[in-house]
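Where a number appears in this text, it was derived from the coordinates with a stated rule and is not lab data. Owing to the predicted nature of the structure, the values given are computational and were not obtained by experimental measurement. In this analysis, Cβ positions are derived from the backbone assuming ideal geometry, glycine residues included, and neighbour counts consider all displayed protein chains.
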Amino acid sequence: MLIRLVFPAWERLASQTRFILPPLGVALVAALTPREHEVIICDENLAPVDLSAEADLVGISVLLAAQLPRALALADAFRSRGIPVVLGGLSAGFDPDLVRPHVDALVLGEAEGVWKQVVRDAARGRLEPVYRGPAAAPSRILLPRRELLRPGLYNYRGVRMMELVETSRGCGQDCFICAVPRLYGRRFRPRPMAAVERELAAVESERIYLVDASLEQSEAHQRRLFPVLGAARKAWVSHPISMRPDLLALAARHGCWYVYQGVVSPSRALARKIRLLHEHGIGVEAAVLLGDDSQGPDIFPRLLEFLIETGTDIADFTMLVPIPGSPTHERFRREGRLLHKDWGLYNGAHAVFQPARMSPEQLEAGYHYLWREYYREKSQQSRMFALFRRLEGRPGAPRPSA
């Protein structure tokens, strides 16, 4: 069979510098596909999907809720030509009543346990309506087929983008906005370090983004992982890491470039964390979440002052997205605070719920205020350039793409 794996486009944050990272999920599914089948990956964020292209099976990967409307439109287009469509990914199953009329099969959970069966059933013309993938043993996570993504095309102004690497699955922290435990479970599952080493050796980019939900869950995993990253000579970015001084020093010594740090409100503890990261030469990208129940209209100037005073290197501002499957979505649904189910607007750039202490209009105004004022003196490009300067003379320094 000829199998096309599609990663749909979605509405990006208008204020954010537009760059595209190569998706990981479709490359992992491609690796799971038996080699007697031909696989083509189509990332619509990179180039338009050819809706007239031949295929025996189309698999669509939905990571974000905001991708769902486009995913269903693509599914309809392929199915109108008699091509069966399978939908999977983190956000594939949160609205099954909406999704099922548009697809032949829905994959819920991790693909490692079911994708080969999906392919076999499709070849026989006997797709089941729903496949439920169990939590995969870490050893079953294969080397992604990144060559099918044409990774050299992912660049911004001649600088090659980071590639995504996964060293563990599962998260027991149960953050109020996160749906990861619903798909990957609450048990931390590290991959065998030998498999991580093989994957790092296969990644061409000198800069990688560790997509693990939370490395700080396991100090033991960090102690094993950081030297492996250093040996691979990769500069790396991750979600928060442990704040123990010895682990910070280990991370910095082995290539930690910067970390994404969630920010909801100013605090001494958070200021101390940012200071410690900077003292170890690690940059900080503030992932600022707006619309939390603790926030009133006064939060916006307070956040701006905090980010400037603590010297965060760069910041992204998003309005809270009540992701289906997250504790927040369930609570907002019970309280009648969801304004609509237009999933395409669930991208962090729109107020899709009723905040507790301000109006949706005030929330959106504060969002635009922070994007404008934080970058008034130093643009996003200049701040990102300053982050790149941290890599001078180190592995991972930016080079023009071929």
*Separation between the Phe385 and Val228 pseudo-spin-labels, each 7 Å from Cα along Cα→Cβ, expressed in nm?*
3.7 nm
*Using only Cα atoms, locate the centre of region 192-234 and the centre of region 359-380, then give the distance between them in Å, rounded to an integer.*
35 Å
*Which Cα, out of Ala55, Gly296, Ser214, lies furthest along the positive dipole direction of the chain (beta carbon charges, K/R +1, D/E -1)?*
Ser214
*What order do you get for Asp342, Asp43, Asp97 when you list them from fewest to most C-beta neighbours inside 10 Å?*
Asp97, Asp342, Asp43
_Please compute, for the alpha-carbon atoms of region 1-146, the extent along each of the three principal axes and give them in descending order in Å._
45, 37, 29
*Hey, what's the Cα Rg ratio for region 70-174 versus the globular rule of thumb, 2.2 N^0.38 Å?*
1.27
_Kirkwood Rh in Å, taken over the chain so that all alpha-carbon pairs contribute_ = 22.2 Å
_About the Cα centre, charge dipole magnitude for region 1-50 (Lys/Arg +1, Asp/Glu -1 at Cβ), debye_ = 160 debye
*For region 309-396, which GluC sites (Glu not before Pro) are both in a DSSP coil and crowded by at most 15 other Cβ atoms within 10 Å?*
Glu335, Glu377, Glu392
_Under a crude label model (7 Å from the Cα following the beta-carbon direction), how far is Ala137 from Tyr156 in nanometres?_
4.0 nm
*Provide Asp313, Asp56 in ascending order of the number of other Cβ atoms located within 10 Å of each residue's Cβ, fewest first.*
Asp56, Asp313
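Any of Lys273/Lys378; Lys234/Lys378; Lys234/Lys341 with alpha carbons more than 32 Å apart? Name them for me.
Exceeds cut-off: Lys234/Lys341.
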*For region 154-389, count all C-alpha to C-alpha pairs, find those more than 31 Å apart, and express that count as a whole percent of the total.*
27 percent
*asked:* Relative contact order for the chain: what percent, with Cα pairs under 8 Å and sequence separation of 6 or more?
replied: 15 percent
*Would you please give the FRET efficiency between Ala14 and Arg120, computed as 1/(1 + (r/R0)^6) with r the Cβ-Cβ distance and R0 = 30 Å, to the nearest 0.05?*
0.10
_Let me see the P(r) profile for region 1-64: every Cα-Cα distance counted, bins of 5 Å, each bin given as a percent of all pairs._
4, 16, 28, 22, 15, 8, 4, 2, 0
*Take Glu309, project a point 7 Å from its Cα along the Cβ direction, then tell me which residues of region 268-289 have their backbone nitrogen under 17 Å from it.*
268-276
*Is it possible to state the helix-based mean residue ellipticity at 222 nm for the chain, with each DSSP H run of 4+ residues giving -39500 (n - 2.57), the sum divided by total residues, to the nearest 500 deg cm²/dmol? What is it?*
-9000 deg cm²/dmol
